[in-house]
1. Working only within segment 64-112, note down all residues that are outside any helix (DSSP H, G or I), without any contact (Cβ under 8 Å) to a residue 60 or more places away in the chain and not charged (D, E, K, R).
2. Of the conditions (1) assigned to a strand (DSSP E or B); (2) in contact with a Lys or Arg (Cβ under 9 Å, 6 or more places away or on another chain); (3) of a type in the set (V, I, T), V26 clears all except one; give me its number.
3. Can you name the residue in segment 33-63 that is outside any loop (DSSP other than H, G, I, E, B) and among the aromatic types (F, W, Y) and, of all such residues, is farthest from S90 (Cα to Cα)?
Amino acid sequence: MPCLELTTNVRVLDKSKLMRTLSDCVCTELGKAETYMMVMIRDEAPMFFGGNDEPVAHVELRALGLKDDLVRKLAEELTLMMQVELGIESQRVYIVFMDADLGKWAWDGRTFA
């Protein structure tokens, strides 16, 4: 059930590789099966941050039962991944973590509540 959306103004040359890397990272840290993991990449998006359009990333991760210690670790790992994979400076990466309500998240036609 984790869902990660990456929006960046950088061109991602190998989207499949990056999606696999992101999926593996999140599933490993959250202890979730990759069967339920969704990753979306929107690259080359018009983005403006800090007064300029230099490389930037906005990451949203939605999941059920996000714990504070896992969020802190994922924040570090995902930021590092943006630096290594896309060349984006850490201070130009925003990450939003959203702990979803079991009754408002559905899969296979049913909510998790």
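Bear in mind that the values in this text are calculations on the coordinates, not laboratory data. Only a predicted model underlies this, so the values are computations on that prediction, with no experimental measurement involved. In this analysis, Cβ positions are derived from the backbone assuming ideal geometry, glycine residues included, and neighbour counts consider all displayed protein chains.
1. Looking only at segment 64-112, we keep the residues that are outside any helix (DSSP H, G or I), and these are 64-67, 87-89, 93-101, 105-112.
With the extra rule that they be without any contact (Cβ under 8 Å) to a residue 60 or more places away in the chain, the set shrinks to 65-67, 89, 93-99, 101, 106, 108-111.
Of everything in segment 64-112, those that are outside any helix (DSSP H, G or I), without any contact (Cβ under 8 Å) to a residue 60 or more places away in the chain and not charged (D, E, K, R) turn out to be G65, L66, V93, Y94, I95, V96, F97, M98, A106, G109, T111.
2. Only one criterion in (1) assigned to a strand (DSSP E or B); (2) in contact with a Lys or Arg (Cβ under 9 Å, 6 or more places away or on another chain); (3) of a type in the set (V, I, T) is unmet by V26, namely (1).
3. Narrowing segment 33-63 to residues outside any loop (DSSP other than H, G, I, E, B): 34-36, 38-42, 49, 52, 57-63.
In the following step, the residues that additionally are among the aromatic types (F, W, Y) were identified as 36, 49.
Values: Y36: 28, F49: 13 Å.
Among them, the one singled out is Y36.
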